[in-house]
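The values are calculated or read from the model by the stated rules, or taken from the named source; none is laboratory data. In this text, all values refer to a predicted model and were calculated from it rather than measured experimentally. Positions of Cβ are generated from backbone atoms using ideal geometry, with glycine treated the same way; all protein chains shown enter the neighbour counts. Only protein heavy atoms, including side chains, enter the accessible area calculation; ligands, DNA and RNA are left aside. Shrake-Rupley method; radii C 1.70, N 1.55, O 1.52, S 1.80 Å.
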2 protein chains.
Amino acid sequence: MQSKPTTIKEIARILNISPSSVSRGLHDHPSIGAVTREKIKQLAKSLNYEPNNAAILFQKGKTYTIGVILPELSEHFFSTAISAIEDEALKKNYTVIFAQSHDNYEQEVKLVEKMKNQRVDGLLVSISKDTSKFDHFEKLNSFNIPVVFFDRIPPFKNVHYVACSLESATVKAVNYLLKKGHRSIGMINGPNTLYASDERKDGYMQAITFNRLKVDPSLIINCDLTEQGTIEAANQFLNHKRRPTAIVAFNDYVALFLIKYFKKLNVIDEFDVVSYANLPIISYLDHTPVASVEQYPYLQGQKAANILLDLINSPNAETQAYYNTIVESDLIINNVEE
Amino acid sequence: MQSKPTTIKEIARILNISPSSVSRGLHDHPSIGAVTREKIKQLAKSLNYEPNNAAILFQKGKTYTIGVILPELSEHFFSTAISAIEDEALKKNYTVIFAQSHDNYEQEVKLVEKMKNQRVDGLLVSISKDTSKFDHFEKLNSFNIPVVFFDRIPPFKNVHYVACSLESATVKAVNYLLKKGHRSIGMINGPNTLYASDERKDGYMQAITFNRLKVDPSLIINCDLTEQGTIEAANQFLNHKRRPTAIVAFNDYVALFLIKYFKKLNVIDEFDVVSYANLPIISYLDHTPVASVEQYPYLQGQKAANILLDLINSPNAETQAYYNTIVESDLIINNVEE
DNA sequence: CGAAATTAATCAAACGTTTGCGTGTTTTTT
DNA sequence: AAAAAACACGCAAACGTTTGATTAATTTCG
């Protein structure tokens with residue numbers, strides 16, 4: 001039963017015509033007569049002919065494959081994004097290969113190399129936490145492999161990227177809290193090295209200032225994002241002379257730790273928490289954040305994929321301007337039932 | 001800057017030797033002298049030579065690629081499994097391409113076809129919910145593409161698979177509840193069409209019977225796994241003449257709905273819930289399941305990937321016995337703090 | 001010292017498909 | 001009826017790499 005797949009040559013031999021005619025016939029090339037074309041197609045069908053992709057790819061020098069490199073596939077945000085990427089790629093008949101950097105710079109460099117060897121037509125990347133050099137991506141330019149960054153993007157504009165505006169989302173979040181009557185709002189921010197921390201801080205300050213209030217820097221606490229770090233930050237808030245009544249948490253994990261700790265101290269009712277969505281089921285908690293910044297991973301993935309496919313199929317990629325796409329994030333108000 | 005990638009031919013031309021020698025030199029073939037070999041390697045390095053994968057794959061008729069088809073990538077279980085698969089594949093220098101069936105049979109058939117066209121060396125599959133025919137997989141046999149199923153497997157033994165023994169896990173779960181003193185234990189099971197429902201039911205009955213108790217069939221309720229369905233099941237338990245004090249939920253989603261509903265009715269303290277792990281953060285809930293059946297997605301993915309790679313590289317795949325691997329699932333007791 | 005063995009490299013074919021160019025045959029145009 | 005156009009197909013090269021067969025040069029050994 002070990003059937004070798006049917007080839008064009010085989011069909012040509014049986015029909016006593018040339019392989020080129022078979023190829024053209026199958027592609028509805030005008031220079032092949034209708035009769036011959038039908039004969040070819042019929043035989044191809046009955047022999048279960050399937051084009052040998054490897055051969056075509058090789059011949060065309062294109063792989064119809066896009067690579068995706070991201071930190072951790074099992075994080076909900078990324079698995080949703082890649083799900084979108086795959087869906088978009090499939091529509092245009094592209095294949096997706098992916099790899100995880102596990103937030104490790106060296107691994108990321110290796111993977112970029114591997115993707116290049118695989119001759120992907122383009123690359124989608126969400127950079128690892130400890131990536132601060134970007135040479136490995138620049139190398140791809142000379143091979144004419146376009147790169148689109150998404151969500152975790154490098155801190156400069158002369159690349160293609162899709163990302164969420166955390167700044168404007170943070171403005172919305174703080175505005176919401178102010179409108180609810182809060183006058184002292186704390187923020188548990190990430191390490192200063194993260195670009196995402198800057199954005200949150202800027203948004204926070206912008207909202208406060210815009211409302212003609214004064215920013216109290218001691219209400220913005222940097223945190224290593226661990227449970228222990230969160231607890232320390234919480235303690236600082238609890239002992240603060242202007243003890244805040246609302247807190248903006250860096251992400252859902254931090255919010256989770258925070259809420260857990262506040263519940264333990266029985267002060268949870270004295271705080272409103274706003275967070276950035278990572279965990280799909282966080283709204284099922286008893287004490288949930290009053291609002292969440294939704295970052296639309298599916299949409300980001302979709303946009304990034306489409307931009308990449310555009311770039312791949314645009315002839316004059318050289319002279320092209322950089323896509324700097326911002327996905328507006330929204331503040332989702334959790335209507336707490338009870 | 002548009003550098004065309006260096007080829008073996010190019011190196012050969014510069015060194016005035018034949019391409020075959022270059023190829024052999026790069027592969028440390030014994031019939032190339034040490035001097036020439038070094039010259040070749042040096043030049044290759046300085047020209048940044050990278051083998052053209054597409055050409056090699058084409059030439060060898062192998063793609064060093066494994067395909068993965070699963071229902072929904074954004075589900076935590078699957079994203080963890082595929083994360084493992086990717087890690088294993090990378091170790092052996094294989095590439096992973098994947099696609100989602102979105103639990104749709106027709107889509108699955110299409111994807112299998114596409115994977116075949118891509119000439120994957122092997123396929124890992126977790127079948128879609130409404131797949132009951134398996135011809136599309138059998139077709140792969142004649143192309144000598146091995147298939148390993150994982151987690152969601154077909155209901156027969158003459159295929160390779162890796163799966164969790166939900167039956168024995170359910171036995172453990174029910175035993176645990178019995179040991180805690182529960183005498184009336186309800187089960188919210190899935191639709192009867194699912195193999196997974198059978199396993200749970202069998203495990204339940206086995207544990208009850210083994211403990212010399214009588215199975216009350218009305219305590220096993222089939223449910224469509226929606227929130228509404230869960231509520232209906234809950235109501236049946238609440239009105240049951242032998243009202244259960246513990247409930248085995250089909251999965252974490254069902255458990256979530258159930259706990260939410262019980263909390264609303266203020267009867268949550270009258271029930272112990274056991275569930276099957278899908279949601280990583282469910283243990284952060286206020287009222288969490290007292291125990292969870294852990295199905296080790298990472299381990300399953302790992303094993304499935306390794307089996308597939310074995311099959312791909314075993315010369316006499318024909319005569320091979322079928323791998324039927326069962327991953328023991330464990331009952332994780334949640335030590336509730338308060 | 002001549003035959004055999006070893007070493008070092010080359011040649012050419014092959015993998016399956018596509019595509020520019022050429023060629024013979026038929027049809028259309030003037 | 002001759003020239004032009006349209007049609008239908010074949011030829012051959014090309015993509016980059018690998019590999020079995022072959023050759024030429026050198027070394028080894030009886």
- Message: With just the Cα atoms defining each centre, how far is segment A:1-54 from segment B:263-294? Give it in Å.
- Response: 60 Å
- In whole Å, how far is the Cα centre of segment A:85-127 from that of segment B:59-100? 13 Å
- Please give the calculated 222 nm ellipticity per residue for chain B, where each DSSP H segment of at least 4 residues contributes -39500 (n - 2.57) and the sum is spread over every residue; nearest 500 deg cm²/dmol? -13500 deg cm²/dmol
- Task: Compute the signed sum of charges (Lys and Arg +1, Asp and Glu -1) over the other residues within less than 13 Å, Cβ to Cβ, of A:Gly122.
- Result: +1
- Just list whichever of A:Lys110/A:Lys201; A:Lys133/A:Lys214; A:Lys116/B:Lys114; B:Lys62/B:Lys110; A:Lys41/B:Lys129; B:Lys129/B:Lys179 have alpha carbons separated by over 27 Å in the model shown. A:Lys110/A:Lys201; A:Lys133/A:Lys214; A:Lys41/B:Lys129; B:Lys129/B:Lys179
- Counting only DSSP beta bridges fully inside the protein assembly as shown, the antiparallel percentage to nearest 5 is 10 percent
- Chains A and B: accessible area buried, summed over both chains, 1.4 Å probe, nearest 100 Å², reads 4900 Å²
- Using packing as a proxy for protection, rank B:103-111, A:107-115 so that the peptide with the highest average count of other Cβ atoms within 10 Å comes first. A:107-115, B:103-111
- Message: Which residue fluctuates most in the GNM of chain B (Cα springs below 10 Å): B:Ile97, B:Ile220, B:Ile11?
- Response: B:Ile11
- Cβ-vector label at 7 Å, B:Arg242, separations to other copies in nm: 6.4
- Task: Could you tell me the largest-minus-smallest coordinate of the C-alpha atoms of chain B on each of the three principal axes, in descending order and whole angstroms?
- Result: 92, 44, 33
- Task: With r as the distance between the Cβ atoms of B:Asp28 and A:Asn104 and R0 = 30 Å, compute the FRET efficiency 1/(1 + (r/R0)^6) and round to 0.05.
- Result: 0.50
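Rounded, prolate or oblate, given the Cα gyration tensor of segment B:138-194, with a/c below 1.5 counting as rounded? It would help to have the intermediate numbers written out before the result.
On the way: a/c = 5.73, a/b = 2.98, b/c = 1.92.
Since a/c reaches 1.5 and a/b is larger than b/c, the shape of segment B:138-194 is classed as prolate.
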- Item | Span from the segment A:225-247 Cα centroid across to the segment A:301-315 one, whole angstrom | 43 Å
- Query: What is the P(r) of segment B:166-294, as percent of Cα-Cα pairs per 5 Å bin from 0?
  - Reply: 2, 12, 24, 27, 22, 11, 3, 0
